């Protein structure tokens, strides 16, 4: 009996000791399988979203990918934790997750967010040599009288246009005609980056303004500490000539800090609008304030109310026409005439307000449609045409948008007789619109020639046109389309896409300011995408439009500004 009893007890002990190994392992495997399935499903779902992103919108695709990644990662970690718990090690997964997170945070930082909200990462120990801001104005006088200005800029001696873009300068947003086009290329195509000379490279205050250029003056807007500034630099050496400022700050976590619009130079004066609604008229030579108007005060709005409706900051660049300075206005819905305001260019007195739609981030344009010169403005949800002398609305057509969300940023672009082109990001696409006289002859009618959600999805940039073809960054990739039909001719490859940058045209050559700072020269050839030169330039996110005068290209972003001299033609 004793032997039998001992044998039975020994067998029971062996059975008990074997039980955990035979029972735990099968119960652990389902959780490991589920973790693998969650991870693989998440990866496949992200791949599918990214595959369709070029046809829709990279920002929306990125947001969807983040949501998928959060769900997939959460489920994967949950199942891994359940598997670890079954083998008696419940702290392995949380500790490993925490260790990986701490390591990443200690080694990597977010440098900036792209225009598609994608974080741009860099090593924490990366150092960047950013030029310092100039804090003092140069003592040597600027070009102060009309005679001296005409020596530097023959077009400055006369109010009449010369017809020569090289002499006329780049005096406003998107150049002399607000189209982003210089008719004749005044430079040779560089064979290598070494053929391009850097005239100057300076630090600059934050903001997405561009340079307006007349003679030796390059004028822009920038944020310096708590001051919103209009600044003038000498184009030959980048020296600060004058600065005018006031206490104001516009900032947003996604749109960042600083002014958004570009000044306009007209008849020896600078007209500039800050992001918080201050409108200046300044003397070009000295920077002296001739007049200034606070648009928020004029609209009986405070900054919080304004930025609730116009989240990303006022971006409209002043349009000077027939003695008027015209800018988007913005006001409460019960305010008559809230789309546009026209002030006397001479003294800043209000001449008229017009339009019933809230403002967007587009600038007013001067077009001749159906035989009448008129101001055309892209509003929050509409596009409208207005009489110059009174602001009376001549016509209106729907163009959906939301100034605190999927915003309209692009202005209209002339695209043939009685036609204009308009584009939009956030999956919006573009349209070619024709304005004609109504059948009765006493009004106007705006109708789509075509409307497509697949081409020219211009988020921050504008299309440029040449010989019946339009070129623009569409959803971050350079694209060419046939104007008459909207048919896509070619598109930059996904691997080399330029992001949410800018495009201007010099004769037969597209100058692309890539979002992360490089300059790209591309042939304006409807038959194929042909890259001519890639030039390393700015070293940070760049949403600012380049400015071109002759063979000198001025570029800037929120930290740095450069003047590049291209080879002589």
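Look at the stretch 317-341: where a residue is at positive phi and touching a residue at least 60 places away in the same chain (Cβ under 8 Å) and a partner is surrounded by fewer than 24 Cβ atoms within 10 Å (Cβ to Cβ) and in a strand (DSSP E or B), sitting 6+ places away or on another chain with Cβ atoms under 9 Å, you get 322/373. Assess whether residue 284 counts as being buried (at least 22 other Cβ atoms within 10 Å of the Cβ), at pLDDT 95 or above and either outside the structural domain of residue 178 (by TED's automatic domain parsing) or more than 22 Å from residue 235 (Cα to Cα) (or both). The answer is no for residue 284.
Might you check whether a residue that is part of a strand (DSSP E or B), in contact with a helix residue (DSSP H, G or I) (Cβ under 9 Å, 6 or more places away or on another chain) and modelled with pLDDT of 95 or more occurs anywhere in the stretch 217-233? Yes: the stretch 217-233 contains one or more residues that are part of a strand (DSSP E or B), in contact with a helix residue (DSSP H, G or I) (Cβ under 9 Å, 6 or more places away or on another chain) and modelled with pLDDT of 95 or more.
So that you can scan it fast, the table gives a plain yes or no per residue for (1) over 24 Å from the mean Cα position of the chain (by Cα); (2) more than 13 Å from residue 242 (Cβ to Cβ):
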{"site": "258", "(1), (2)": "no, yes"}
{"site": "261", "(1), (2)": "no, yes"}
{"site": "271", "(1), (2)": "no, yes"}
{"site": "282", "(1), (2)": "yes, no"}
{"site": "288", "(1), (2)": "yes, no"}
{"site": "297", "(1), (2)": "yes, yes"}
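State yes or no: is residue 445 buried (at least 20 other Cβ atoms within 10 Å of the Cβ) and either without any contact (Cβ under 8 Å) to a residue 24 or more places away in the chain or at negative phi (or both)? Explain how you work it out, then say what you get.
Numbers: buried (at least 20 other Cβ atoms within 10 Å of the Cβ): no; either without any contact (Cβ under 8 Å) to a residue 24 or more places away in the chain or at negative phi (or both): yes.
No.
Where strands (runs of 3 or more DSSP E) sit wholly within the stretch 495-569, those with at least 3 residues that are under 25 Å from residue 132 (Cβ atoms) occupy 552-556, 560-565.
Answer yes or no: is there a residue in the stretch 417-426 that is in the same structural domain as residue 555 (by TED's automatic domain parsing), closer than 23 Å to residue 260 by Cβ and surrounded by fewer than 22 Cβ atoms within 10 Å (Cβ to Cβ). Scanning the stretch 417-426, I find at least one residue that is in the same structural domain as residue 555 (by TED's automatic domain parsing), closer than 23 Å to residue 260 by Cβ and surrounded by fewer than 22 Cβ atoms within 10 Å (Cβ to Cβ), so the answer is yes. Among the numbered conditions (1) in a loop (DSSP other than H, G, I, E, B); (2) buried (at least 17 other Cβ atoms within 10 Å of the Cβ); (3) touching a residue at least 40 places away in the same chain (Cβ under 8 Å), the only one that residue 456 does not meet is (3). Here residue 478 clears all of (1) surrounded by fewer than 19 Cβ atoms within 10 Å (Cβ to Cβ); (2) under 30 Å from residue 406 (Cα atoms); (3) modelled with pLDDT of 95 or more except the condition numbered (1).
Answer yes if at least one residue in the stretch 229-238 is without any contact (Cβ under 8 Å) to a residue 40 or more places away in the chain and buried (at least 20 other Cβ atoms within 10 Å of the Cβ), and no otherwise. Break it down stepwise before answering.
Within the stretch 229-238, the first condition is being without any contact (Cβ under 8 Å) to a residue 40 or more places away in the chain, and the residues that meet it are 229, 231, 236-237.
Those left that are additionally buried (at least 20 other Cβ atoms within 10 Å of the Cβ): 229, 231.
Yes, because at least one residue in the stretch 229-238 is without any contact (Cβ under 8 Å) to a residue 40 or more places away in the chain and buried (at least 20 other Cβ atoms within 10 Å of the Cβ).
Evaluate the stretch 259-268: report whether one residue or more is part of a helix (DSSP H, G or I), touching a residue at least 12 places away in the same chain (Cβ under 8 Å), surrounded by fewer than 19 Cβ atoms within 10 Å (Cβ to Cβ) and touching a helix residue (DSSP H, G or I) at 6+ places or on another chain (Cβ under 9 Å).
No, the conditions are met nowhere in the stretch 259-268.
Scan the stretch 37-71 for residues that are without any contact (Cβ under 8 Å) to a residue 40 or more places away in the chain and under 30 Å from residue 82 (Cα atoms) and the total you get is 20. Scanning for something surrounded by fewer than 19 Cβ atoms within 10 Å (Cβ to Cβ) and at pLDDT below 95, does the stretch 495-510 turn up at least one residue? Yes, the stretch 495-510 has at least one match. Number of residues in the stretch 358-375 that are buried (at least 23 other Cβ atoms within 10 Å of the Cβ) and more than 14 Å from residue 321 (Cα to Cα): the value is 6. Filter the stretch 102-134 for residues that are assigned to a loop (DSSP other than H, G, I, E, B) and in contact with a strand residue (DSSP E or B) (Cβ under 8 Å, 6 or more places away or on another chain) and give the result. 114, 124, 130, 131, 132, 134, listed by residue number. Taken residue by residue, the stretch 476-491 has at least one member that is out of contact with any strand residue (DSSP E or B) (no Cβ under 7 Å at 6 or more places or on another chain), in the same structural domain as residue 185 (by TED's automatic domain parsing) and under 23 Å from residue 115 (Cβ atoms). Every condition in (1) surrounded by 11 or more Cβ atoms within 10 Å (Cβ to Cβ); (2) over 28 Å from residue 498 (Cβ atoms) is met by residue 67 except one, and the failing one is (2).
I need a count of the residues in the stretch 276-296 that are touching a residue at least 12 places away in the same chain (Cβ under 8 Å) and not in a strand (DSSP E or B). Residues meeting the conditions: 8.
With the structure loaded, tell me whether residue 430 is farther than 13 Å from residue 362 by Cα, in the same structural domain as residue 362 (by TED's automatic domain parsing) and outside any strand (DSSP E or B) or whether it fails that test.
Values: farther than 13 Å from residue 362 by Cα: yes; in the same structural domain as residue 362 (by TED's automatic domain parsing): yes; outside any strand (DSSP E or B): no.
It is false that residue 430 is farther than 13 Å from residue 362 by Cα, in the same structural domain as residue 362 (by TED's automatic domain parsing) and outside any strand (DSSP E or B).
Here residue 20 does not fit the description of being at pLDDT below 90, surrounded by 11 or more Cβ atoms within 10 Å (Cβ to Cβ) and touching a strand residue (DSSP E or B) at 6+ places or on another chain (Cβ under 9 Å). Residues in the stretch 519-554 that are under 15 Å from the mean Cα position of the chain (by Cα) and surrounded by 19 or more Cβ atoms within 10 Å (Cβ to Cβ): 541, 542, 543, 544, 545, 546.
The values are calculated or read from the model by the stated rules, or taken from the named source; none is laboratory data. Quick caveat, the model's predicted, so the values are computed rather than measured. Please note: Cβ atoms are built from the backbone with ideal geometry, for glycine as well, and neighbour counts cover all protein chains shown.
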